[in-house]
Amino acid sequence: EREGARRERKDPTRKKHTTRKTKHTMAANGTGGTAPQYSYAPPPAEMPYYAGLFALADKSSSGQISGPAAVEFLSLSRLPVDLLKTIWAMADVPRTNTLDAGKFNVAVRLIQLFQNGKKPVDLQLNLGEGDACGRAPFFEGLSVQHVMSVGSGGGGAGA
């Protein structure tokens, strides 16, 4: 009777099943490349603003913003760190640990939506028909006028 109980506890099929489940869960969380890929193309009137934000965040002018530089810049949104981590994971697809202009636009749009209490209806981060987004994404210490001037080529990278 005891031998049978020991065999049940040491059943190797249970352990293998758990391992497979763990691997599947990791893939579903985006570490296996299955995360949805969001995109956002700002309307023409907002392009200078998004370009200006990217120019200010891309201090090295490399066209890529590294993780530490992104943390420094995106923290100016004053959103909670856990939410910024989620935004990073949503924007950095495929995962490169950097943000190019397209991924940066996704991150900024998500910040704008969260700051305004809105949820997108699709992977292009659109809102429902008739739903206005509210104010532009806010970054502490950066005025819209300054960002727009940088985005249209009229200002330096300093704030």
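The values are calculated or read from the model by the stated rules, or taken from the named source; none is laboratory data. If you're wondering where the values come from, they're calculated on a predicted model, not measured in any experiment. Cβ coordinates were reconstructed from backbone atoms using ideal geometry, including for glycine residues, and neighbour counts include every protein chain displayed. Please note that ligands, DNA and RNA were not included when accessible areas were found on the heavy atoms of the full protein model with its side chains. Shrake-Rupley method; radii C 1.70, N 1.55, O 1.52, S 1.80 Å.
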Here, region 36-129 modelled as identical Cα point scatterers in vacuum has Debye log10 I(q)/I(0) at q = 0.17, 0.19 Å⁻¹ of -0.69, -0.87
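What order do you get for 49-60, 87-98 when each peptide is scored by the mean count of other beta carbon atoms within 10 Å, highest first? Working shown, then result.
Numbers: 49-60: 19.7, 87-98: 15.9.
Final packing ranking: 49-60, 87-98.
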At R0 = 30 Å the Cβ-Cβ FRET efficiency linking residue 95 and residue 45, nearest 0.05, sits at 0.45
Put 72, 129 in order of accessible area, largest first, probe 1.4 Å, and you get 129, 72
Rounded to a whole %, the carbon-and-sulfur portion of the accessible area of region 59-125 at a 1.4 Å probe is 59
